[in-house]
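Worksheet: one structure, shown below.
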Amino acid sequence: MNDTPKKTLSITRKPANTGPVNSPVGTIQRTGKRIIRRDELPQVQRVPAPKPPKPKAKKPPRKPAAPKKQVTPPSDLKARELNDRLNAFHIWIMFQPLAVGIEKELFKLVNDEHFPGASKKVVQKVLRMHTNHALYLQAIQRGGARYTLDGAEAGDVTEYQQQYAGEVLAKRLQGKG
């Protein structure tokens, strides 16, 4: 497309009835087109409309936004509830070594009590929090018997488990120091 305007403008008219077909030689015949040359048009200067004046009033400064509240995920809330329920067991609250496979016993407890919202993810989260606690790792490091939730003995802590608990505790102390 060309950006320069055309110099001529053509307007087509309906053919005019000029009378008989046999017209004398000296008359002008219309061709049906009227040609207007751009140069012949009167030049009109367009003045841009004045812009409205800007308001001089200052806006009040923004109020600082209130800090957003921390939203606690529902699984964390359920994990806290389950942990509070498990604190009723002496073995749990004293951070004594738990029996291998204790999660099955926890799932059974959740199902028997119809604990609302306690899923597999919640049970695993509670176990992870409990077994990574420094008091639990110290109990594993000391060794001795492992226990079920009712307090019955269910195996012993192995030497490898004692050594691993000692290494984890040493790494934590190095990180703090």
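The values are calculated or read from the model by the stated rules, or taken from the named source; none is laboratory data. On a predicted model such as this, the values are computed, not experimentally measured, just so you know. We place every Cβ from the backbone using ideal geometry, glycine too, and count neighbours over all the protein chains shown.
Thr72 meets all of the listed conditions (1) surrounded by 10 or more Cβ atoms within 10 Å (Cβ to Cβ); (2) at pLDDT 80 or above; (3) of a type in the set (Ser, Thr, Tyr) but one, namely (1). Quick one: Tyr164 ticks every box in (1) over 11 Å from Pro97 (Cα atoms); (2) loosely packed, with under 13 Cβ neighbours inside 10 Å bar one, so which box is it? Failed condition: (2).
Across the range 111-138, the qualifying residues are those that are loosely packed, with under 12 Cβ neighbours inside 10 Å and part of a helix (DSSP H, G or I), and the one among them that is nearest to the chain's Cα centre (by Cα) is Lys121. Please enumerate the residues belonging to the range 90-110 that are hydrophobic (A, V, I, L, M, F, W, C), surrounded by fewer than 17 Cβ atoms within 10 Å (Cβ to Cβ) and at pLDDT 90 or above. Result: Ile93, Met94, Val100. All but one of (1) assigned to a helix (DSSP H, G or I); (2) closer than 26 Å to Gly144 by Cβ hold for Ala88; which doesn't? So Ala88 meets the others, but not (1).
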